[in-house]
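The values are calculated or read from the model by the stated rules, or taken from the named source; none is laboratory data. Computed from a predicted model, the values in this text were never measured in an experiment. Here the Cβ positions follow ideal geometry from the backbone for every residue, glycine too, while neighbour counts run over all protein chains shown. For accessibility, only protein heavy atoms count, side chains too; no ligands or nucleic acids. Shrake-Rupley method; radii C 1.70, N 1.55, O 1.52, S 1.80 Å.
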Amino acid sequence: MPRFFLEELDESDVCITGPDARHIGLALRMRVGEMLTVCAYGRDYQCRIRSITPEEVHLDVVSSELCAAEPSVSLTLYQAVPKADKLEHVIQKATELGAAEIVAFPSARCVSRPDEKSIRKKLERWQKIAASAAEQSGRGMVPEVLVVESYEKALERASKADKAILFYEHEDRVTLRSALESGTYQTVSLLTGPEGGLEEWEVAQALAAGLTVCTLG
């Protein structure tokens with residue numbers, strides 16, 4: 001069954017507009033009375049088409065349920081900006097694995113440092129990649145892709161999770177499993193550096209912010 005995402009949904013009158021509406025009517029050639037799935041708020045809404053035009057598709061909700069593909073823990077991935085287009089692959093895979101948010105940030109050893117104008121263009125593309133990966137993997141929501149302006153901002157934001165973890169290539173004692181087995185968490189932050197790794201002072205900053213440093217293995 002075709003799946004479409006909405007950021008907001010009024011159950012009394014579900015309406016799909018824009019490119020998705022044109023896709024439903026022109027590409028899929030769906031008609032009044034046919035069923036499709038609308039995903040919002042981590043739920044799957046099974047809907048029947050009530051009316052359809054090239055610009056708007058109005059739907060009636062038949063049933064809804066929590067999306068089975070959504071994890072019980074809300075996970076945010078913090079990724080230092082990698083070289084070239086590697087972040088696109090990270091966004092795709094993180095979405096498929098269930099991340100709720102993907103946050104890019106600069107760190108000391110980042111080679112790629114796009115300016116504000118480039119970031120705006122890239123964000124639009126990155127969000128589309130997340131949406132496509134969410135649709136293909138049966139997610140109940142599209143992760144939000146964000147960029148913060150500094151490593152310090154990334155740490156500040158990550159530290160607000162119930163459990164915040166920093167992966168560091170020189171840590172050889174604490175594993176991800178041991179870091180997580182000490183409690184039950186609703187929100188988790190995972191922060192990782194660029195190809196060249198993190199500086200020691202950056203790791204010290206993470207520890208000071210309350211993050212747990214874990215081995216990559």
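Points to keep in mind about this one:
- From the options E156, E144, residue that is open to solvent by 40 Å² or more (accessible area, probe 1.4 Å), under 19 Å from A208 (Cα atoms) and either at pLDDT 95 or above or in contact with a helix residue (DSSP H, G or I) (Cβ under 6 Å, 6 or more places away or on another chain) (or both): E156
- Residues that are open to solvent by 40 Å² or more (accessible area, probe 1.4 Å) and either assigned to a helix (DSSP H, G or I) or in contact with a strand residue (DSSP E or B) (Cβ under 8 Å, 6 or more places away or on another chain) (or both), drawn from the stretch 75-87: L75, K86
- Q79 falls short on exactly one of the conditions (1) touching a residue at least 60 places away in the same chain (Cβ under 8 Å); (2) in contact with an Asp or Glu (Cβ under 9 Å, 6 or more places away or on another chain); (3) not aliphatic (A, V, I, L, M), and that condition is (2).
- All of S72, S63 fail the test of being in contact with a strand residue (DSSP E or B) (Cβ under 8 Å, 6 or more places away or on another chain) and either more than 21 Å from Q136 (Cβ to Cβ) or assigned to a helix (DSSP H, G or I) (or both), apart from S63.
- Just one residue in the set S107, S51 is under 30 Å from E200 (Cβ atoms) and open to solvent by less than 60 Å² (accessible area, probe 1.4 Å); that residue is S107.
- The lone exception for K121 - which of (1) farther than 30 Å from L36 by Cα; (2) open to solvent by less than 50 Å² (accessible area, probe 1.4 Å); (3) outside any loop (DSSP other than H, G, I, E, B) it fails: (2)
- The selection criterion, being open to solvent by 60 Å² or more (accessible area, probe 1.4 Å), touching a Pro at 6+ places or on another chain (Cβ under 7 Å) and farther than 30 Å from E156 by Cβ, holds for L26.
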